[in-house]
1. Consider only pairs whose beta carbons are under 8 Å apart and that are at least six residues apart or on different chains; among these, list those whose first residue lies in the range 1-18 and is at pLDDT below 95 and whose second residue is loosely packed, with under 10 Cβ neighbours inside 10 Å.
2. What do you reckon, is residue 47 modelled with pLDDT under 90 and either of a type in the set (A, V, I, L, M, F, W, C) or surrounded by 10 or more Cβ atoms within 10 Å (Cβ to Cβ) (or both)?
Amino acid sequence: MILEDWQNYVPYFSTGVAIAIFFAGIIFALRMKKDKVDHMANLPLEDPQDNANSTHH
């Protein structure tokens, strides 16, 4: 099937892909095991060595 005005469908396709990725992320997060969630929640956000040598405040 060849569409003459395929440009009209690009926004719908892009929105559909973005929504699919969003819901896939939600499903992935909801299916994670509690011990994995707890482990990831306790990970440090910065390396302590980088923080000591950093000039940014």
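The values are calculated or read from the model by the stated rules, or taken from the named source; none is laboratory data. Predicted model, so just to flag it, every value in this text is computed and none were measured. Note that each Cβ is placed from the backbone with ideal geometry, even for glycine, and that neighbours are counted across all protein chains shown.
1. 9/3
2. Values: modelled with pLDDT under 90: yes; either of a type in the set (A, V, I, L, M, F, W, C) or surrounded by 10 or more Cβ atoms within 10 Å (Cβ to Cβ) (or both): yes.
Answer is yes for this residue.
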